[in-house]
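Here is the structure we will look at, set down as structure tokens.
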Amino acid sequence: MDTVEDLKFLEESTAKKYNPKFGDREYLVIQTYPLGKTVRVIYRSYSYQDAENKCSLENMAHDYSTFTTRIFHDGKLWIPGNISGIPYKISEQQFWDIHPDYKSTDIDGEIEICNCSYLYFQGRNNILTCLKDDDGRNITVCPNCGEILIEDEEDDDFTPSACRGCTNYHGDFYGDNQLICAIYPYGWSDDNCPDFLSE
Ligand SMILES: [Zn+2]
């Protein structure tokens, strides 16, 4: 589900506020878990040591969030070299720039976040790239980290087609067993259930 905050982020003006311009070789302490639709920067500094100190303090202070230090260089986030702090390797976390077509709220689908921070578009039957520089490609794996992308299981994946929109439908799992409804605990065999009751 999109929260109000997520939708606000899709507006250009607000996106700028969340994504201010950083200086080249500025160190950013960013949140790597949980991820939002834009990288959350919690601290900025031009000193690598300063940023690293702040980062470890934040990691100690939070049980359910993790943070890491990145360096902004050439418009992208990089992993800083261990001792030197100079840009060493491109970071998986980036400030992804969504194509304007996906900034409208009446698109049929949702922007999803890969575990690596990459944003992609989950349509009704397919998964597409939705970035400004790479828009509209059908994908099955994340172009950023290679993880296999699966369709959102929170949707009606487990709802038999005969039961969609039926008031009698229950559908909860008890252990491995799904209770379809009180009348037909194991479901009806085709699409024309005699007890279909429209919502
Ligand atoms: Zn990924």
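Applying the condition of being within 31 Å of the chain's Cα centre (by Cα) and of a type in the set (A, V, I, L, M) to the stretch 163-198 and asking which residue is surrounded by the most Cβ atoms within 10 Å (Cβ to Cβ) yields ILE180. Does TYR46 meet the test of being hydroxyl-bearing (Ser, Thr, Tyr) and at pLDDT 95 or above? For TYR46, the condition - hydroxyl-bearing (Ser, Thr, Tyr) and at pLDDT 95 or above - is met. For the stretch 45-63, a residue qualifies if it is under 14 Å from GLY85 (Cβ atoms) and either among the polar types (S, T, N, Q) or outside any loop (DSSP other than H, G, I, E, B) (or both), and the qualifying residues are SER45, SER47, TYR48, GLN49, ASP50, ALA51, GLU52, ASN53, LYS54, CYS55.
Checking each residue in the stretch 26-45 for being hydrophobic (A, V, I, L, M, F, W, C), surrounded by 19 or more Cβ atoms within 10 Å (Cβ to Cβ) and free of Cβ contacts under 8 Å to residues at least 60 places away in the same chain picks out LEU28, VAL29, VAL41.
Applying the criterion of at least 1 residues that are outside the structural domain of PHE72 (by TED's automatic domain parsing) and away from the ligand (no atom under 16 Å from the Cβ) to the strands (runs of 3 or more DSSP E) found wholly in the stretch 95-199 leaves 109-113, 119-123, 134-138.
The values are calculated or read from the model by the stated rules, or taken from the named source; none is laboratory data. Source: prediction; values computed, not measured. Positions of Cβ are generated from backbone atoms using ideal geometry, with glycine treated the same way; all protein chains shown enter the neighbour counts.
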